[in-house]
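J.: The structure's right below; bear with me while I get my questions together.
The values are calculated or read from the model by the stated rules, or taken from the named source; none is laboratory data. Keep in mind it's a predicted model, so treat the numbers as computed, not measured. For neighbour counting, all protein chains shown are included, and Cβ atoms are generated from backbone atoms with ideal geometry for every residue, glycine included. Surface areas here come from the heavy atoms of the whole protein model, side chains and all, with no ligands, DNA or RNA. Shrake-Rupley method; radii C 1.70, N 1.55, O 1.52, S 1.80 Å.
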Amino acid sequence: MKRAFTVHTVLQFIFLMVFWLLLSGHYDLFHILMGVVSALLVTAMNLRLRRFHFYREEIQQVEARLKRQFPVTLRPLRFLYYIVWLFWQIVVASLQVAYAVLSPRMPIDPSLVIFKTRLPNTSARVILGNSITLTPGTITVQLRDDEFLVHALMDVSASGILDGSLPGQVARLYEKTPGQVVGNTTIIRSKRDM
Amino acid sequence: MHHNFVYFAVLLTIIIYVPFYRVVTGPTLYDRMLCAGSIATNSMVIILLVGFMFNRIDMFIDIAMAYAGLNFIGTIAFAKYLGSTLKSKKNHGN
Amino acid sequence: MGISSIIAVILISLGTFFMAVGSIGLIRLPDFYSRAHAQGKVDTLALILIILGLMVYEGFTLNSVKLLLIVVFVALTNPTGTNALTNAAYRFGLRPWFKRDQRGQKKPGGRK
């Protein structure tokens, strides 16, 4: 744990330094020295912040999963493929919303979908939450532990989640053959169901 | 080529008025904040186009970046504030 | 005008079209949650398209790398911001508009 903390500190410094070099267009000694000082200052300010854990249960959960050898590292090639796939999904989603907005009768039929996922770690859940917002017809409303609450704009739009294709893609970022990822789905279609 | 950007900038400036209508008349506070975010995205694009028109894109990119950051932090602060403090379901929005 | 300028103009026109669609969606859609669809997806795509067009126009320089940085930042933060707003609205008690509730009523709208 201690060693991971040091490694993360050094990584943070390198990341900040690259960011500085990207943003400032000057590469002389004075400006690079100023960058080193600023990056060191920000890293030092973050040291105490990073020792403080906001969600203790969450961290314990993560550690427990780490010991049970859950996959925690991204597969880089898969991640590149995922980005391209996601961009295509965004285009499809925007065309769908554009069709719904521009057609005079507005064929929308909103529903709320609640489902549970079995994803390997917390960052996978964050990726899934953001991806749901960007893919056709659905936005994440609430995310509590393993339970997602999703608002779907049209009748067909929740199908990508219900048959598990999008969560399956996210799970495949971490492991080769994930099993059943989605379960316990509930669909709410009117105020009486809530 | 730079001169063509001015038409896009004018068009986007006209488009800003559409969500602005929702900011003024929106039924709930959340609608207003959502449309304010949309206006912020729109004006970020306009800032970039203006940078190309003035040939000072190196300066205007930094302004656009700061604008994007401020937009995100503003939305998060608003959501945090309204999600945690307002418990009453009456007298607000609607 | 070279080929890159034409590609840039096409991309920026597409982005402007999507920006207009997103703005019209904010006016036409019936309640807050549906409007979040228009803001969270369509505006993100519009911004990505316009900045891609500007990158094509600029060529491969430090500025276009910075523009790519803006794209990555916005693609990460825009859905997060939308999620924060919808989550706050849901916790506040704002209920979505359902089509099936509107059978007997005349006036649609994002009412609780």
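J.: With point charges of +1 on the Cβ of Lys and Arg and -1 on the Cβ of Asp and Glu, referenced to the Cα centre of the range A:74-145, which listed residue (A:S94, A:V113, A:G137) lies farthest in the positive direction of the dipole?
T.: Of the candidates, A:V113 comes out farthest on the positive side.
J.: Quick one: which of C:64-71, B:9-16 comes out on top by average Cβ neighbours within 10 Å, and what's the full order, highest first? Numbers along the way, then the final one.
T.: Details: C:64-71: 17.8, B:9-16: 16.1.
Top of the packing list down: C:64-71, B:9-16.
J.: With +1 on each Lys and Arg Cβ and -1 on each Asp and Glu Cβ, how big is the dipole of the range A:89-155 about its Cα centre, in debye rounded to the nearest 20? Could the numbers behind the result be given before it?
T.: Details: 5 positive and 5 negative charges, 17 e Å.
Dipole of the range A:89-155, to the nearest 20 debye: 80 debye.
J.: Let me know the charge dipole size of the range A:76-189 about its Cα centre in debye, to the nearest 20, where only the beta-carbon of Lys, Arg (+1) and Asp, Glu (-1) is charged.
T.: Here the size comes out at about 160 debye.
J.: Throw me the Rg/Rh for the range A:76-189, computed over C-alpha atoms with Kirkwood Rh, two decimals.
T.: Numbers: Rg = 14.1 Å, Rh = 14.5 Å.
Taking Rg over the Kirkwood Rh, I get 0.98.
J.: As an exercise, find the ratio Rg/Rh for the range C:20-90 from alpha-carbon atoms, using the Kirkwood inverse-distance average for Rh.
T.: Details: Rg = 14.4 Å, Rh = 13.3 Å.
Answer for the range C:20-90: 1.09.
J.: Considering the dipole of chain C built from charges on the beta carbon (Lys and Arg +1, Asp and Glu -1) around the Cα centre, which of C:L62, C:A20, C:F32 is farthest to its positive end?
T.: In chain C, that residue is C:F32.
J.: Where is the GNM fluctuation largest for chain B (alpha-carbon springs, 10 angstrom cutoff): B:N55, B:N42, B:N71?
T.: Fluctuation is largest for B:N55.
J.: Would you please put A:184-190, C:41-47, A:44-50 in order of how densely packed they are, using the mean number of other Cβ atoms within 10 angstrom per residue and starting with the highest?
T.: On the way: A:184-190: 13.9, C:41-47: 27.7, A:44-50: 10.6.
Per-residue Cβ counts within 10 Å, averaged per peptide and sorted highest first, yield C:41-47, A:184-190, A:44-50.
J.: For chain B, find the longest principal axis of its Cα atoms and tell me its angle to the long axis of helix B:2-25, 0 to 90°, nearest 10.
T.: Once rounded, one gets 10 degrees.
J.: Right, something else. Take peptide A:13-19, look around each residue's Cβ out to 10 angstrom, count Cβ atoms belonging to other protein chains, and average those counts. Please list the in-between numbers first.
T.: Values: counts 0, 0, 0, 0, 0, 0, 1.
Across A:13-19, the average partner-chain Cβ count within 10 Å equals 0.
J.: Going through the DSSP H helices of chain C, which span 24 Å or more along their own axis at the Cα atoms while scoring at least 0.5 as a mean Kyte-Doolittle hydropathy?
T.: Working: long enough: C:3-28 (38 Å, 2.03); C:62-92 (44 Å, 0.89).
The qualifying helices are C:3-28, C:62-92.
J.: Using a simple charge model, +1 on the beta-carbon of Lys and Arg, -1 on the beta-carbon of Asp and Glu, nothing else, what dipole does the range B:2-93 show about its Cα centre, in debye to the nearest 20?
T.: Working: 7 positive and 3 negative charges, 118 e Å.
Using Cβ point charges on Lys, Arg, Asp and Glu, the range B:2-93 gives about 560 debye.
J.: How many Å² of accessible area per residue for chain C, probe 1.4 Å? Before the final figure, lay out the partial values.
T.: Values: 4340 Å² over 112 residues.
Heavy-atom SASA per residue in chain C reads 39 Å².
J.: For a protection proxy built on the mean count of beta-carbon atoms within 10 angstrom, sort B:56-64, A:80-88 highest first, please.
T.: B:56-64, A:80-88
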